[in-house]
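Visitor: Attaching a single structure in structure tokens format; questions to follow.
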Amino acid sequence: MDYNRTLKPITPESVLKTLAFTHVAMLAFQMLFAIVAFAQTTRMYFGVMNMDDQFVFIAPVLALGGFFGGYLIFKKQKYLLREKENLLEKLTGYQSVLITRFALILGPSLFSIVAYILSGNIFFLVITAFMTLYFIFLRPTREKIEADLRFSFDDQMIQQLEHEEIN
């Protein structure tokens, strides 16, 4: 086995593929967990004003916190990444901050599913549905990455090829 082989360089296309795979995996897990929870629960009701259920207060606060927290962190980091000159730093930073944003949406969604399993209150699945719809909206695309980091995939690939030819 050859342990001395080199790793493939990080390119905009490889980052896009990694982010797209991560997004689909997190989305599929979230949806499958919700479907299984719904299928396994026998007692269901819908109640927003159930004061005995502490989850009615916690789940919406977590959902809003994940939504706004992810948005603010992403926005701040996006502007910092735009100022970097090195393509590798931009791409790895973008990948990291976008996965963080995904996690801040996924966490409250999974919490709401668990709250549904424990209580049978469909209100928590409604929260999960909204978080899932927003998560779908966050799907990484070439255009979004180009707009967020203000660069063109094609221009960066040409620069990278020129840099590799010089070295």
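The values are calculated or read from the model by the stated rules, or taken from the named source; none is laboratory data. Please read these numbers as outputs of a predicted model, since none were measured by experiment. For neighbour counting, all protein chains shown are included, and Cβ atoms are generated from backbone atoms with ideal geometry for every residue, glycine included.
Per-residue answers, yes or no, for (1) at pLDDT 95 or above; (2) in contact with a Ser or Thr (Cβ under 9 Å, 6 or more places away or on another chain); (3) farther than 23 Å from TYR116 by Cα:
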position	(1), (2), (3)
GLN30	yes, yes, no
ASP53	no, yes, no
LYS78	no, no, yes
LEU87	no, yes, yes
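Visitor: Within region 48-69, is there a residue that is surrounded by fewer than 14 Cβ atoms within 10 Å (Cβ to Cβ) and touching a Lys or Arg at 6+ places or on another chain (Cβ under 8 Å)?
Guide: Scanning region 48-69, I find no residue that is surrounded by fewer than 14 Cβ atoms within 10 Å (Cβ to Cβ) and touching a Lys or Arg at 6+ places or on another chain (Cβ under 8 Å), so the answer is no.
Visitor: Quick check on ILE136: is it touching a Phe, Trp or Tyr at 6+ places or on another chain (Cβ under 7 Å) and either in contact (Cβ under 8 Å) with a residue 12 or more places away in the chain or of a type outside the set (Phe, Trp, Tyr) (or both)?
Guide: Details: touching a Phe, Trp or Tyr at 6+ places or on another chain (Cβ under 7 Å): no; either in contact (Cβ under 8 Å) with a residue 12 or more places away in the chain or of a type outside the set (Phe, Trp, Tyr) (or both): yes.
Judged against the criteria, ILE136 is not a match.
Visitor: Look at LEU106 and say whether it is touching a Phe, Trp or Tyr at 6+ places or on another chain (Cβ under 8 Å), more than 24 Å from PRO12 (Cβ to Cβ) and surrounded by 16 or more Cβ atoms within 10 Å (Cβ to Cβ). Step through it out loud before you land on a result.
Guide: Values: touching a Phe, Trp or Tyr at 6+ places or on another chain (Cβ under 8 Å): yes; more than 24 Å from PRO12 (Cβ to Cβ): yes; surrounded by 16 or more Cβ atoms within 10 Å (Cβ to Cβ): yes.
When the stated conditions are applied, LEU106 passes them.
Visitor: Report yes if some residue within region 30-45 is assigned to a loop (DSSP other than H, G, I, E, B) and either of a type in the set (A, V, I, L, M) or touching a strand residue (DSSP E or B) at 6+ places or on another chain (Cβ under 7 Å) (or both); otherwise report no. Spell out the reasoning first.
Guide: Taking region 30-45 and keeping what is assigned to a loop (DSSP other than H, G, I, E, B), we get 41-44.
Now narrow it down to the ones that are either of a type in the set (A, V, I, L, M) or touching a strand residue (DSSP E or B) at 6+ places or on another chain (Cβ under 7 Å) (or both): 44.
The answer is yes; a qualifying residue exists.
Visitor: Let me ask something else. Looking at region 114-125, which of the residues that are crowded, with 18+ Cβ neighbours inside 10 Å and aliphatic (A, V, I, L, M) is nearest to TYR45 (Cα to Cα)?
Guide: Among residues in region 114-125 that are crowded, with 18+ Cβ neighbours inside 10 Å and aliphatic (A, V, I, L, M), the one nearest to TYR45 (Cα to Cα) is LEU125.
Visitor: Any idea which of PHE130, PHE111, PHE153, PHE102 is modelled with pLDDT of 95 or more, farther than 25 Å from MET44 by Cβ and of a type outside the set (Ser, Thr, Tyr)?
Guide: Working: PHE130 fails: farther than 25 Å from MET44 by Cβ; PHE111 fails: farther than 25 Å from MET44 by Cβ; PHE153 fails: modelled with pLDDT of 95 or more.
Only one candidate qualifies: PHE102.
Visitor: Assuming THR41 fulfils every condition listed in (1) surrounded by fewer than 13 Cβ atoms within 10 Å (Cβ to Cβ); (2) more than 27 Å from the chain's Cα centre (by Cα) apart from one, which condition is it?
Guide: Result: THR41 fails condition (1) only.
Visitor: Kindly establish whether THR128 is of a type outside the set (Gly, Ala, Ser), within 15 Å of the chain's Cα centre (by Cα) and surrounded by fewer than 19 Cβ atoms within 10 Å (Cβ to Cβ). Before the answer, list the steps.
Guide: Numbers: of a type outside the set (Gly, Ala, Ser): yes; within 15 Å of the chain's Cα centre (by Cα): yes; surrounded by fewer than 19 Cβ atoms within 10 Å (Cβ to Cβ): no.
So THR128 does not fit the description; no.
Visitor: State whether one or more residues within region 83-90 are in contact with a Lys or Arg (Cβ under 6 Å, 6 or more places away or on another chain) and surrounded by fewer than 19 Cβ atoms within 10 Å (Cβ to Cβ). Explain how you work it out, then say what you get.
Guide: First, the residues of region 83-90 that are in contact with a Lys or Arg (Cβ under 6 Å, 6 or more places away or on another chain): 84, 90.
Restricting the remaining residues to those that are surrounded by fewer than 19 Cβ atoms within 10 Å (Cβ to Cβ) gives 84.
Scanning region 83-90, I find at least one residue that is in contact with a Lys or Arg (Cβ under 6 Å, 6 or more places away or on another chain) and surrounded by fewer than 19 Cβ atoms within 10 Å (Cβ to Cβ), so the answer is yes.
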